[in-house]
Amino acid sequence: MDDGQLDTVTIELSDETLDAVDDVAFTEHRGHRDAAIRNLLDEWLKRRDE
């Protein structure tokens, strides 16, 4: 059954963007890069919908 949701998404980030993600990861997510990426992606999607 296809519920329209993706299981995996692959993105390519520039070194500059990855540095910014790491900054967020270490200041807001105790070093968890995946959590920082999810948070930043969520913020980006919300801004896009506005």
Pairs with Cβ under 7 Å, 6+ apart, first in region 18-29 and acidic (Asp, Glu), second in a helix (DSSP H, G or I): Asp22/Arg33; Glu28/Ala36
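Has region 11-30 got at least one residue that is in a helix (DSSP H, G or I) and touching a His at 6+ places or on another chain (Cβ under 7 Å)? If you could, list the steps in order and put the result at the bottom.
Pass one, region 11-30, residues in a helix (DSSP H, G or I): 15-28.
Subsequent filtering for residues that are touching a His at 6+ places or on another chain (Cβ under 7 Å) retains 25.
Yes; the residues of region 11-30 include at least one that is in a helix (DSSP H, G or I) and touching a His at 6+ places or on another chain (Cβ under 7 Å).
Every read-out reported here was derived from the displayed coordinates using simple, explicitly stated rules and does not represent laboratory data. Quick caveat, the model's predicted, so the values are computed rather than measured. Reconstructed Cβ throughout: ideal geometry from the backbone, glycine too, with neighbour counts over all protein chains shown.
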